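One structure below.
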Amino acid sequence: MAEERGGERNRTNTFVVSSRKRTIQKAVNRAGELLLLVLASFVAVVVLFIFYFVARDAIPFFELRGFSEFFTTSEWYPADEPGKFGALSIIYGSLMVTLGSAMIAVPMGIAAAICLSDILPFSIRQYAKPVIEMLAAIPSVAFGFFALVVFAPLLQDKGGALLMWAWWILAAPFTVLFVIVLSDLLTTRIKDPARRKQLNLLSVLLFGLLSAGLLYRVGTLLHAIEILTGTNALNVSIILSFMALPTIVSVSEDALQAVGRDIREGSYALGATRAETIVKTILPAASSGILAAVILGIMRSLGETMVVWMASGNSAHIPEPWFNYLEAIRTLTATIAGDMGEADQVTGSARYHVLFAMGLLLLVISFICNLVSERIVVRQRRILSGQ
Amino acid sequence: MIKKLLLLVALLSFTAEAGSAAPVKTVVLDGSTTVGPVAKSFAAYFTRKYGVRVSVSESGSGNGAKSLINGSCTIATLSRPMKDAELAAARKKGVNPVATVVAMDGLAIVVHPSNPVRAMTKTQISSIYNGRITNWKQVGGPNANIVVIQRESNSGTAESFRDLVVGKGVQIKGSAETQSSNGSVKSRVSSTPTAIGYLGLGFVDRSVKAVAVNGVMPDVKTVRSGSYPVARPLYFYTNGQPTGVVKQFVDLPKTADGKGMISELGFVNR
């Protein structure tokens, strides 16, 4: 700072830097910039090289076998003579667990982030956030081991009961909310206050009983489900959602914090309640950051290998019916990890290159996801800044 | 000075080279991935004990046979006997393949200990893996769907199972779960009441129940005698009767150390 100021003419002479010193300074500055440029471009070059090398080994597969077998059939027998390389069921399995884990992790993660940033007092948040972030530090093989040895047998033995409890815990609060809001809406037009109150009560009772019956019925139906195998898409989705949670919570919470006190206070000053402030002001303002968090979390689930390799059952078929999360599936990442050992590049040419085709597919999917999120973030920022 | 030093270094390295070149022979093994582990631990043991360099590649039984016929390996490791076509091709090239049985490879078909099924035929097991049989009651068990567990296609055990039980040209159904090791198959079968899986004989313990195949229970005795149907001999093939170091290597399974290594890897001594 001192030198900078000294450079200006109208200041005192004590800080004037000799020209020699200034040249050295400039040179050092240049060198530093160059070093940073090299480092930054190195990362970009690494990404490009990964793309290049994966594509180089993936393209021979499509030259050998064409596109239609890989993308439209689900017969996966790479070791046969001649091999069959239908990857449709494997691609489907990857998408299935990614979607499943997102369905659990995204609502939970965003709710947790809102709770951390706007509802819990600072003293609790101080401890809660590091604990959630610690989930990210658990190695994936530990998650996989848990999924295979603890969670899979648990799902087999008590799966129905677990599903029932999960349904009750998740659905009960929403049902209560729904019944109250519905009754209010139904009776809102009645003018006479006493009568309105009576009817309101009646409607709450009526719909309450109905929906309680529905809750119970679905619960018993779920309880009757017998889970044949614990290493299935549901198991993996749940475990993957735990792995994606810390990313989603942490990044969303940062985005919510970045919204700033002035906006919150502005909202309160206009008479908004805390709920209104959160839903109508803070969430829209932080939406780009939250979206980035969600995409990061989804990428984590899509790219995870160890857990799916250990606990998804690895059976290359599309479940029957297609949304059945209680069947074993197989994912792209697990297939690459599992088949790489045997598929040596000298002998099994198609068998070797098909794994790179899968890798390329994963790369392309994540690339598209990143691109889309980037576009949304940029657009959101433009809207928010009022341009 | 520097020149002298360089000369000295050159001389030293030359003598070192000459010293290490003393055991002239290098034994080259090629072939089955199933025999691979045995071949590798034999190779390590042999190099340590006799100072003979042994290289092992695993390119499959067929490629092993080809290498022996082409003269590019000393010993071909095969998990099946040589085919007639291969023998004919060998004779044409003046190669005389001689087989030595290394060990027996036996697979146990395992179910959960609570499963009442005690015995199955090979056809029944094949149908279960193929998907024609899906319920335990079709093979005399309880009314429950069968969870089929197999090994990853790169495993030698999976290869043996396909050859010996499922049969050529029959595909294992897509919904069969795939596990990456004997250990994880065992863990899945022992925790899933309706599961069926297969393990190398050495891996069977009390946490799973082995079933009799075609009326024969798998154990060391029945595998050795050949009465248990899901077992096969593993071979070393040499060109002519083995001599010298090669003979020493091929005879390793007869020594106590060799036997120890074989049973440690889950195979059965002949």
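The values are calculated or read from the model by the stated rules, or taken from the named source; none is laboratory data. As the structure is a prediction and not an experimental result, all values here were calculated from the model. Reconstructed Cβ throughout: ideal geometry from the backbone, glycine too, with neighbour counts over all protein chains shown. We work out accessible area using only protein heavy atoms, side chains counted, and drop any ligands, DNA or RNA first. Shrake-Rupley method; radii C 1.70, N 1.55, O 1.52, S 1.80 Å.
Looking at segment A:200-209, can you tell me whether even one residue there is open to solvent by less than 70 Å² (accessible area, probe 1.4 Å) and within 14 Å of chain B (Cβ to nearest Cβ)? No, the conditions are met nowhere in segment A:200-209. Going by the conditions given, is B:GLY167 open to solvent by 30 Å² or more (accessible area, probe 1.4 Å), more than 8 Å from chain A (Cβ to nearest Cβ) and on the phi > 0 side of the Ramachandran plot? Answer is no for this residue.
Restrict the check to segment A:104-112 and report whether at least one residue is within 21 Å of the chain's Cα centre (by Cα), without any contact (Cβ under 8 Å) to a residue 40 or more places away in the chain and in a helix (DSSP H, G or I). Reasoning before the result, please.
Residues of segment A:104-112 that are within 21 Å of the chain's Cα centre (by Cα), as a first pass: A:104-112.
Narrowing the set further to residues that are without any contact (Cβ under 8 Å) to a residue 40 or more places away in the chain leaves A:107, A:111.
Okay, now just the ones that are also in a helix (DSSP H, G or I), so A:107, A:111.
Scanning segment A:104-112, I find at least one residue that is within 21 Å of the chain's Cα centre (by Cα), without any contact (Cβ under 8 Å) to a residue 40 or more places away in the chain and in a helix (DSSP H, G or I), so the answer is yes.
Condition (residue is at pLDDT below 90, open to solvent by 60 Å² or more (accessible area, probe 1.4 Å) and either of a type outside the set (A, V, I, L, M) or at negative phi (or both)) applied to segment B:244-251: is it met by at least one residue? Within segment B:244-251, one or more residues are at pLDDT below 90, open to solvent by 60 Å² or more (accessible area, probe 1.4 Å) and either of a type outside the set (A, V, I, L, M) or at negative phi (or both). Scanning segment B:136-171 for residues that are outside any loop (DSSP other than H, G, I, E, B) and either basic (Lys, Arg) or farther than 24 Å from A:PRO319 by Cα (or both) turns up B:LYS137, B:VAL139, B:ARG151, B:GLY156, B:THR157, B:GLU159, B:SER160, B:PHE161, B:ARG162, B:ASP163, B:LEU164, B:VAL165. In the set (1) part of a helix (DSSP H, G or I); (2) charged (D, E, K, R); (3) within 14 Å of chain A (Cβ to nearest Cβ), the condition left unmet by B:ARG224 is number (3).
In segment B:172-188, the residue that is farthest from B:SER155 (Cα to Cα) out of those that are of a type in the set (Ser, Thr, Tyr) and not in a loop (DSSP other than H, G, I, E, B) is B:SER187. Please specify each residue of segment A:113-132 satisfying the condition of being surrounded by 14 or more Cβ atoms within 10 Å (Cβ to Cβ) and either in a helix (DSSP H, G or I) or within 14 Å of chain B (Cβ to nearest Cβ) (or both). Passing the criteria: A:ALA113, A:ILE114, A:CYS115, A:LEU116, A:SER117, A:ASP118, A:ARG125, A:ALA128, A:LYS129, A:ILE132.
If I ask for residues that are buried (at least 17 other Cβ atoms within 10 Å of the Cβ) and within 12 Å of chain B (Cβ to nearest Cβ), which ones from segment A:133-146 would you list?
Taking segment A:133-146 first, the residues buried (at least 17 other Cβ atoms within 10 Å of the Cβ) are A:140, A:143-144, A:146.
Within segment A:133-146, just A:GLY144 meets the criteria.
For segment A:166-186, state whether one or more residues are of a type outside the set (Ser, Thr, Tyr) and either in contact with a Cys (Cβ under 8 Å, 6 or more places away or on another chain) or closer than 29 Å to B:GLU177 by Cα (or both). Yes: one or more hits.
Being within 28 Å of A:ALA111 (Cβ to Cβ), away from chain B (no Cβ under 14 Å), among the polar types (S, T, N, Q) and open to solvent by less than 10 Å² (accessible area, probe 1.4 Å) is a description that does not apply to A:THR273.
Quick one: in segment A:120-137, of everything that is in contact with a helix residue (DSSP H, G or I) (Cβ under 8 Å, 6 or more places away or on another chain) and free of Cβ contacts under 8 Å to residues at least 12 places away in the same chain, which residue is farthest from A:ARG264 (Cα to Cα)?
From segment A:120-137, those in contact with a helix residue (DSSP H, G or I) (Cβ under 8 Å, 6 or more places away or on another chain) are A:120, A:125, A:128-129, A:132-136; that's our starting set.
This time we only want the ones that are free of Cβ contacts under 8 Å to residues at least 12 places away in the same chain, so: A:120, A:125.
Numbers: A:LEU120: 16, A:ARG125: 18 Å.
Selected residue: A:ARG125.
Among the criteria (1) open to solvent by 40 Å² or more (accessible area, probe 1.4 Å); (2) away from every other protein chain (no Cβ under 14 Å), the one A:SER349 does not fulfil is (2). When the residues of segment A:75-106 are filtered to those that are within 16 Å of A:PRO319 (Cβ to Cβ) and among the β-branched types (Val, Ile, Thr), the one that is nearest to the other protein chains (Cβ to nearest Cβ) is A:ILE90.
Whenever a residue of segment A:366-378 is more than 18 Å from A:LEU95 (Cβ to Cβ), its partners that are surrounded by 14 or more Cβ atoms within 10 Å (Cβ to Cβ), lying with C-beta atoms within less than 7 angstrom and at least six residues away or across chains, give the pairs A:ILE376/A:SER288; A:ILE376/A:LEU291; A:VAL377/A:SER288; A:VAL377/A:LEU291; A:VAL377/A:ALA292.
In the set (1) modelled with pLDDT of 90 or more; (2) surrounded by fewer than 21 Cβ atoms within 10 Å (Cβ to Cβ), A:ALA244 fails one condition alone, (2).
Does B:GLY215 count as within 23 Å of B:PRO253 (Cα to Cα), open to solvent by 30 Å² or more (accessible area, probe 1.4 Å), more than 14 Å from chain A (Cβ to nearest Cβ) and out of contact with any Pro (no Cβ under 7 Å at 6 or more places or on another chain)? Full working, then the answer.
Working: within 23 Å of B:PRO253 (Cα to Cα): no; open to solvent by 30 Å² or more (accessible area, probe 1.4 Å): yes; more than 14 Å from chain A (Cβ to nearest Cβ): yes; out of contact with any Pro (no Cβ under 7 Å at 6 or more places or on another chain): yes.
Criteria not met by B:GLY215.
If you go through segment B:189-212 and pick out every residue that is in a loop (DSSP other than H, G, I, E, B) and either open to solvent by less than 30 Å² (accessible area, probe 1.4 Å) or in contact (Cβ under 8 Å) with a residue 24 or more places away in the chain (or both), you end up with 8.
For segment A:178-199, which residues satisfy the criterion of being among the aliphatic types (A, V, I, L, M) and surrounded by 13 or more Cβ atoms within 10 Å (Cβ to Cβ)? First the steps, then the outcome.
Our first condition is that a residue be among the aliphatic types (A, V, I, L, M); within segment A:178-199, this holds for A:179-182, A:185-186, A:190, A:194, A:199.
Residues satisfying the conditions are A:VAL179, A:ILE180, A:LEU182, A:LEU186, A:ILE190, A:LEU199.
Within segment B:248-270, which residues are in a loop (DSSP other than H, G, I, E, B) and over 15 Å from the mean Cα position of the chain (by Cα)? Across segment B:248-270, the qualifying residues are B:ASP251, B:THR255. Would you confirm, using the coordinates I've provided, whether A:VAL354 is touching a strand residue (DSSP E or B) at 6+ places or on another chain (Cβ under 6 Å), within 14 Å of another protein chain (Cβ to nearest Cβ) and assigned to a helix (DSSP H, G or I)? Answer is yes for this residue.
Table: residues versus (1) modelled with pLDDT of 90 or more; (2) out of contact with any Ser or Thr (no Cβ under 7 Å at 6 or more places or on another chain).
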position	(1), (2)
B:ARG118	yes, yes
B:THR121	yes, yes
B:VAL148	yes, yes
B:SER153	no, yes
B:GLU159	no, no
B:ARG162	no, yes
B:LYS168	no, yes
B:GLY174	no, no
B:SER184	no, yes
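Within segment A:306-324, the only residue that satisfies the criterion of being in contact with a Ser or Thr (Cβ under 9 Å, 6 or more places away or on another chain), more than 10 Å from chain B (Cβ to nearest Cβ) and open to solvent by 10 Å² or more (accessible area, probe 1.4 Å) is A:MET306. With respect to being out of contact with any strand residue (DSSP E or B) (no Cβ under 7 Å at 6 or more places or on another chain), touching a residue at least 24 places away in the same chain (Cβ under 8 Å) and open to solvent by 30 Å² or more (accessible area, probe 1.4 Å), A:ILE227 falls outside the description.
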